[in-house]
1. Mind checking which residues of the range 43-62 are in a loop (DSSP other than H, G, I, E, B) and modelled with pLDDT of 95 or more?
2. Across the range 288-310, which residue is surrounded by the most Cβ atoms within 10 Å (Cβ to Cβ) among those that are over 21 Å from the mean Cα position of the chain (by Cα) and not in a loop (DSSP other than H, G, I, E, B)?
3. Take the range 198-218 and flag every residue that is part of a loop (DSSP other than H, G, I, E, B) and either surrounded by 16 or more Cβ atoms within 10 Å (Cβ to Cβ) or modelled with pLDDT under 95 (or both).
4. Filter the range 179-234 down to the residues that are touching a helix residue (DSSP H, G or I) at 6+ places or on another chain (Cβ under 7 Å) and more than 24 Å from residue 316 (Cα to Cα) and list them by number.
5. Taking the options 354, 345, name whichever one is crowded, with 22+ Cβ neighbours inside 10 Å, more than 25 Å from residue 268 (Cβ to Cβ) and modelled with pLDDT of 95 or more.
6. Would a scan of the range 365-378 turn up a residue that is under 16 Å from residue 285 (Cα atoms), in contact with a strand residue (DSSP E or B) (Cβ under 6 Å, 6 or more places away or on another chain) and part of a strand (DSSP E or B)?
7. Within the range 78-91, is even one residue surrounded by fewer than 22 Cβ atoms within 10 Å (Cβ to Cβ), in contact with a helix residue (DSSP H, G or I) (Cβ under 6 Å, 6 or more places away or on another chain) and touching a residue at least 12 places away in the same chain (Cβ under 8 Å)?
8. Out of the residues in the range 77-89 that are assigned to a loop (DSSP other than H, G, I, E, B) and at pLDDT 95 or above, state the one that is farthest from residue 143 (Cα to Cα).
């Protein structure tokens, strides 16, 4: 070996030995601001092709770069049910685990996540093998009684609702809801469920989570000829259910017993002949001012109700009157609205990206992509 090379290597090794090598800091945890800023959203990625590995991704819709947009992620095993508290720095996921990964003994739990760190801080084991397993449903879980009680859907296929005191961290009861499913907060301390015969079941609970009152409405829609989406947007205590044929069914849930209100139409007679109908996965939402946003499809047909559409129509829900049409850059399959005075419309595209618009003007802002998403079918406004 050349003597100059040997000398250089020796000098290099000498420098390395003398250099002060500082140990890397590990275990550092950054925290997020709580409550979350109004422009943030949480994307529920169900991991459709490997559902045991779902996740919730926290995103800033106002940031320009991916590094600034991505705020963090936490788990959601086997298309779990998700809800946030607006009164405590907590988020809740009803999820399922098997002892051997995809087989073996099943355990359903309500996992409690910290908003600041996105770390699990507690869990409550749920009744064995009952937690409803379906694609993400905002109506599958609810917080009531000043967010003390959490209600979560079961399906075995018998339907019921588990009542959990999330402050005391304990299960209070299981309420049977035969022939009826999902959860719509109702009255002082209760919930309603849509029933297969076209009626609605309403339950009021006492402070111990036991059934105090039960009511059923008359049949108000034909499940074959006048079908409603199970999705709804609740504005000032009134739930707005769109119908597959373009109607809207408002139901007043502010009192202990639901009150069925007069239907109105999303579309005119001319628009009906043109083929316009609502459609999508999470096809509607509302902003804080009470405006109703619905995905619309001009190429609808019998069976297209999950297909989404190229426009979002905006309605004054109280008056049943359209105020705005937003033409999307891409086809939309789901939508959500951020909170605050200047809401943003967030739309999931077939490419599984999220497009962000100014809700008031319909102006396109940006596309959120490459944030680790696969199938973010449902998006929630962060709280």
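1. Taking the range 43-62 first, the residues in a loop (DSSP other than H, G, I, E, B) are 46-50, 61-62.
Scanning the range 43-62 gives 61, 62.
2. At the first step, the residues of the range 288-310 found to be over 21 Å from the mean Cα position of the chain (by Cα) are 297-304, 310.
Of the ones still in play, those that are also not in a loop (DSSP other than H, G, I, E, B) are 297, 310.
Details: 297: 22, 310: 16.
The extreme case among them is 297.
3. Residues of the range 198-218 part of a loop (DSSP other than H, G, I, E, B): 198-199, 206-210, 217-218.
Of everything in the range 198-218, those that are part of a loop (DSSP other than H, G, I, E, B) and either surrounded by 16 or more Cβ atoms within 10 Å (Cβ to Cβ) or modelled with pLDDT under 95 (or both) turn out to be 198, 199, 209, 217.
4. 182, 183
5. 354 is the lone residue from the list that is crowded, with 22+ Cβ neighbours inside 10 Å, more than 25 Å from residue 268 (Cβ to Cβ) and modelled with pLDDT of 95 or more.
6. Yes, the conditions are met somewhere in the range 365-378.
7. yes
8. Residue satisfying both the conditions and the ranking: 89.
The values are calculated or read from the model by the stated rules, or taken from the named source; none is laboratory data. Remember, predicted model here, so these are calculated numbers, not experimental data. Because the Cβ atoms are built from the backbone with ideal geometry, glycine has one as well, and the counts that use them run over all protein chains shown.
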